[in-house]
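Below you'll find the structure, written out as structure tokens, and then a few comments.
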Amino acid sequence: MFVGAVFFPLLGATISGFLGRWIGDRAAMWTTVLCMVLAAICGSLSFWQVAMGGQPGTVTLFTWMDVGELEFAWALRYDTLSAIMVGMVTFISTLIHLYSIGYMSHDATPSRFFAYLSLFTFMMLMLVTADNLVQLFFGWEGVGLASYLLIGYWYEKESANAAAMKAFIVNRVGDIFFMLGMALTFLTFGSLDFDTIFAAAAGKVDASFLGVNSIELIGVLLFLGACGKSAQLGFHTWLPDAMEGPTPVSALIHAATMVTAGVFLMCRMSPIMEYAPVALSIVTIVGASTALFAATIGCVQNDIKRIIAYSTCSQLGYMFFAAGVGLYQTAMFHLFTHAFFKALLFLGAGSVIHAMSDEQDIRKMGGIWRKIPITYVVMWIGSLALAGIPLFAGYYSKDAILEGAFAAHSWVGNYAFICGVIAAFLTAFYSWRLLILTFHGKPRADHHTMEHLHESPAVMLIPLVLLAVGAAFAGMVFAPYFIGHEYEHFWNGAIFNLPAKHMMEAMHHVPEWVPMLVMTVAISGIVLAVILYGFLPAVPGRIAAAFPGIYRFLLNKWYFDELYARIFVEPAKRLAMRFWQIGDMRIIDGMPNGVASLAAGTARGVVRLQTGRVANYAFTMIIGLVVFVTLFLMGH
Amino acid sequence: MNAAGFPILSLLTFLPLVGAAAIMMVRGDEAVVASNARWTALWTSLITFVLSLVLWTQFDKSTADYQFVEHLSWMPEFGIAYMMGVDGISVLFVLLATLLTPLCILASWESVRSRVREYMIAFLVLETMMVGMFCALDFMLFYVFFEAVLIPMFLIIGIWGGARRVYASYKFFLYTLLGSVLMLLAIIALWYQAGTTSIPELAEFDIPFGMQVWLFLAFFASFAVKVPMWPVHTWLPDAHVEAPTAGSVILAGVLLKMGAYGFLRFSLPLLPEASLYFAPFIYTLSIVAVVYTSLVALAQQDMKKLIAYSSVAHMGIVTLGIFTFNQQGIEGALFTMLSHGIVSGALFLCVGVLYDREHTREIAHYGGVAKVMPAYALILMLFTMASVALPGTAGFPGEFLVILGAWSVNPWVAFGAALGMVLGAAYMLTLYRRVAFGKITRDSLRALLDVSPREVAIFSPLIALTLWMGIYPQSFLSFFSVTVSQMVQQHQAAIGSAAHLAGI
């Protein structure tokens, strides 16, 4: 059962990928769906046994590496934390597979697409069931590869290729820090196995490295790794571009696999993070800032998928600052509920796009709610859950996070609380902006598109309805287990909270105005959006015209892409060219020639070095640098 | 003679030479000769490979001693002997050489059309020299093989190479020869001091620090060029670009490992204090190699040049790992050497597949190849990922272990090495995107045929190995763990005793 949940998707991917050409597309598609259903059954049973029944277990497969004192194996670790993820990932992924059958019906190579989807799921499952950091890294990089393949699925589109590469490379930047975090963990604990590290964490509180507390440094390094995968501020640029992939991919990336990995890592490492207060403060600040930052951008975007993408970014910020104040359980709970409504919103958006003949700009939609009523209803449910309206899933988790941030009674907690409340307002605002512009008002699409407007087939609607049920009730049903009075029994030690902190209790004892405030801002966000876009459709344009600077700043996503291009990409390209043409070709290869001409009695070789070209000096500087760094290192 | 009384290593070394002699005998018209030469070369190298599997099964992993040792006196009055043997460090490189040779012969099956007989002879002689070099336990013998490798390679580039082959082959030869002369001097100096050139005996011999420094520099001159380390790397891209596909495969797969092997076999055990003294220098050069050549790779327009530069970057990881002097670093370096041998060899073969069809290596010429060659696109993707060290492929364990090992020596060095992860991804994915993805713009590309059965036969063992090394690296790591751990201990002991003496 434990093994099945993880490896059925791999089986599906293999069959569809390698045999797809022989067994035909239909067979390949349904094989992967069947494998996913089997995995989901195994996953649900595992969740039931491990989380509800309190019987964790680990399946060790075989040794991976054994080098000196470093030793670790391929293993599947099932505790409550991983069982939640396995259950959730297999369930959501199965629905997305099913949906894709309808969505990708006109595609040329669906067997390739389904192979990638299943591979993606498999990698995520390997990640969450890892028993050591290296296997986690395997899944970590594996989802990076799968997302690269899926974002660039339509590889004839240049923009898709660029987005795919960007996703992979930005993720890799984060991975450097993950890698270094692992190196420091190994140096500190002499092991990379979770059990060994966790058991030793309390005893290593005072260990230091280069004058910095080791545990703090591990925390920061792993968090930077998590930022890459979870698209936190500074590393977020790949996520909106990832929209280039087919819509089911976006749903998978945003809901079940990939971006949640960073949050999962923070929760998994809770026994380390709890001893790293400074690292946790950084997590809180970055998370809270991301929540607010992404929400501001979400308010002005016009691409339906992009709006939802920024909302993911923002919600991930919530999860991070929840973990940052020590509420890992709540972070996981928000991750869990978010998976339902975010998958729902994306698939709903996909259904809209499908109905509108591949139109994604909400300015060209409107007035279509009667034609696609089921999509309309599920989008409402998803938005209600996202905005955190009572009784819907998002309410339970988001409310708990904000109350927890308030209850932390620290300045970072307060900062997170303030950012979180403003972001909650903006979230409600942009969700209803999206709903109204998409479904209400006068139709703005052309005649041709409106004529072809149609509700999606059943194979797409069934997953939507199931997810809508989850978005409506998952919070209510699971709240007692995740964060309510049964939490200690439910988590069963899978997450560690410092005994002195009492955050899980404190979060339920905040003044009454706090939840009231949260609810009020959400509702006022909705009301504002309805007024602005429903009744006074001319006003938003006028506001934008009144503040052109701010509007452009938001529309261009705070100019992060331009900034990075200016400081990283372009200099790297220039430097590459210089190194090659001047460093290698002129100087290194020129040296023998220079010597030769010297010998011939002409000093042309030397003169050539003094051409006044900056690049030549840059090259000389490298040589100097080599000498200096060497001397410096030797001095130690 | 070894314990079993059977000179397996000599057999492996000289069997290809016998094959070469047989090819030389063939007479008849050109087509017959060519076909005969191909088949003889293939069978010889295949039999050699199968025989070499004996090493895989019979090698005793629990000891750090030399195994399958053969000893014949050669020049007893000078203390020079014909001595062969393998330990955990060298045994897998013998296998790497015997594995890649038949694949190279297969890869040249159709692409080499002129002077097939001479080409096959050159390859078999090359195999003899490579295997001999990894087995030699006498410094003089090692030197002979080490230098002799250059000759067939020089010919392969110079005769069957591309347009600028003469320039490239001379550059290759001069660069590598220059260092070798210095090494010869060092060997003579060593022999003068110790009175023997037997490697196991030399390892016992204490060399004063002042001399160690000079010997180290002399060895360094030779090995650094072979690795190649920055800034003596520029011969490599030229040699690769001009060499025929199979020549590139052997060059990247085996010949680049000779320098690193030399460091491990001689510099570290014989000159422990000098190695420690120069370690920061090596770190610096290695990091510059990783960052600098990765950037240069980013700017390349020629597929082979790009992969050649990426080899330099990977070898930077290797030299870095060797000079960390700890178990993780050295094992990581060894593993990277092996995986790089497989992966970069395979990448050159991938370039060869396109070159055979379109006769150009210009990246800009291609685009959208994935559409017409889906199987090829999959294979290229696998090796691209292995090259960027994706976990689960062969590239990962080595790089991971080196970074782990480097961190405990100096975290900034580890950070520099880790930068290669991003830059590597950047240039390999750029290559992949521009070759395989995008719209097909050229008519000639539309008619490309996907990989042929012969090509599948070449790639399959490499694919299997790439995955095997990634998923279960333990079956390779276990070969060298005992040897490396003894080496690390001896190194520490040597440093310790030196420090002790200095303290008095």
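Relative contact order, whole percent, for region A:124-204 stands at 25, derived from Cα pairs under 8 Å and 6 or more residues apart. The local environment of A:Trp64, defined by Cβ-Cβ distances under 13 Å, has a net charge of -4 under the rule Lys, Arg +1 and Asp, Glu -1. Computed over Cα pairs, the Kirkwood radius of region A:248-365 leads via Stokes-Einstein (0.890 mPa s, 25 °C) to a diffusion coefficient of 165 µm² per second.
The residues neighbouring A:Ser46, those whose beta-carbon lies less than 14 Å from its own, together hold a net charge of 0 under the Lys/Arg +1, Asp/Glu -1 convention. Extents of region A:472-514, taken as max minus min of Cα coordinates on every principal axis and listed largest first, are 32, 27, 12 Å. Footprinting exposure proxy ranking of B:Lys171, A:Lys573, fewest other C-beta atoms within 10 angstrom first, gives A:Lys573, B:Lys171. Against chain A, whose longest principal axis is taken from its Cα atoms, helix A:2-23 shows a tilt of about 80°.
Rounding to the nearest 10 and keeping the result within 0 to 90°, find how far the Cα-based axis of helix B:165-194 lies from the longest principal axis of chain B. Helix B:165-194 and the main axis of chain B meet at about 10 degrees.
Towards the positive end of the charge dipole of the protein assembly as shown, with charges on Cβ (+1 Lys, Arg; -1 Asp, Glu), say which of B:Ala426, B:Val482, B:Met211 has the farthest Cα. Highest projection toward the positive end goes to B:Ala426. Restricting the calculation to Cα atoms, every distinct pair contributes to the Kirkwood radius of region B:422-469, found to be 13.4 Å. By how many degrees, between 0 and 90 and to the nearest 10, does the Cα long axis of helix A:458-482 differ from the longest principal axis of chain A? Between the helix axis and the principal axis of chain A, the angle is about 90 degrees.
Mean partner shielding of peptide A:177-187, defined as the number of other chain Cβ atoms within 10 Å of each residue Cβ, is 5.
The ranking of B:Ser52, A:Ser118 from fewest to most other beta carbons within 10 Å of each one's beta carbon is B:Ser52, A:Ser118. At q = 0.07, 0.08 Å⁻¹ the log10 of I(q)/I(0) for chain B amounts to -0.35, -0.46, computed by Debye summation with a single uniform scatterer per C-alpha, solvent ignored. Sequence neighbours fewer than 8 away in the same chain don't count; with that in mind, list the lysines whose C-alpha is under 21 Å from A:Lys573. A:Lys573 reaches A:Lys166, B:Lys304, B:Lys305. Charge dipole of chain A (Cα centre as origin; +1 on each Lys and Arg Cβ, -1 on each Asp and Glu Cβ, all else neutral): 1840 debye, rounded to the nearest 20. Among the lysines, which fall within straight-line cross-link reach of A:Lys442, defined as a Cα-Cα distance under 26 Å, with same-chain neighbours fewer than 8 residues apart omitted? Of all the lysines, those that pass the test against A:Lys442 - Cα under 26 Å, at least 8 places apart if same chain - are A:Lys305, A:Lys364, A:Lys371. Dipole check for region A:183-261: with +1 at the C-beta of Lys and Arg, -1 at the C-beta of Asp and Glu, and the Cα centre as origin, the magnitude is about 40 Debye. Neighbours of B:Ile89, meaning other residues whose beta-carbon lies under 15 angstrom from its beta-carbon, give a summed charge of -1 when Lys and Arg score +1 and Asp and Glu score -1. Spherically averaged projected area of the convex hull of Cα atoms, chain A: 33.8 nm². Between amide H atoms placed 1.01 Å from N, distances below 5 Å from A:Trp64 occur with A:Phe72, A:Ala73, A:Trp74, all of them 5 or more places distant or on a separate chain.
When the pairs B:Lys226/B:Lys257; A:Lys229/A:Lys398; A:Lys157/B:Lys371 are compared against a 19 Å limit on Cα-Cα distance, A:Lys229/A:Lys398 fall above it.
As a proxy for reagent exposure, A:His334, A:His485 were ordered by neighbouring Cβ count within 10 angstrom, fewest first; the result is A:His485, A:His334.
What's log10 of I(q)/I(0) for the protein assembly as shown at q = 0.04, 0.05, 0.08, 0.10 Å⁻¹, Debye sum over Cα points only, no solvent? So the normalised log intensities are -0.23, -0.35, -0.87, -1.26. Each of A:Gly139, A:Gly350, A:Cys42 was placed along the dipole of chain A (beta-carbon charges, centred on the mean Cα), and the one lying farthest toward the positive end is A:Gly350. Only helices enter the 222 nm calculation for chain A: every DSSP H run of n ≥ 4 contributes -39,500 (n - 2.57), and dividing by all residues gives -22500 deg cm²/dmol, rounded to 500. Here the scattering of region B:246-386 is modelled by Debye summation over its C-alpha atoms, one equal scatterer each and no solvent; at q = 0.13, 0.22 Å⁻¹ the log10 of I(q)/I(0) is -0.62, -1.34. Find which of A:Leu563, A:Thr80, A:Leu528 sits farthest along the positive direction of the dipole of chain A, computed with +1 on the beta-carbon of Lys and Arg, -1 on that of Asp and Glu, about the Cα centre. Of the listed residues, the answer is A:Leu563. For the protein assembly as shown, a simple Cβ point-charge model (Lys and Arg +1, Asp and Glu -1, everything else neutral) yields a dipole of about 3260 debye relative to the Cα centre.
Bear in mind that the values in this text are calculations on the coordinates, not laboratory data. Note that the coordinates shown come from a computational prediction; the quantities given were computed from them, not determined experimentally. Here the Cβ is made from the backbone with ideal geometry for all residues, glycine too, and neighbour counts use every protein chain on show.
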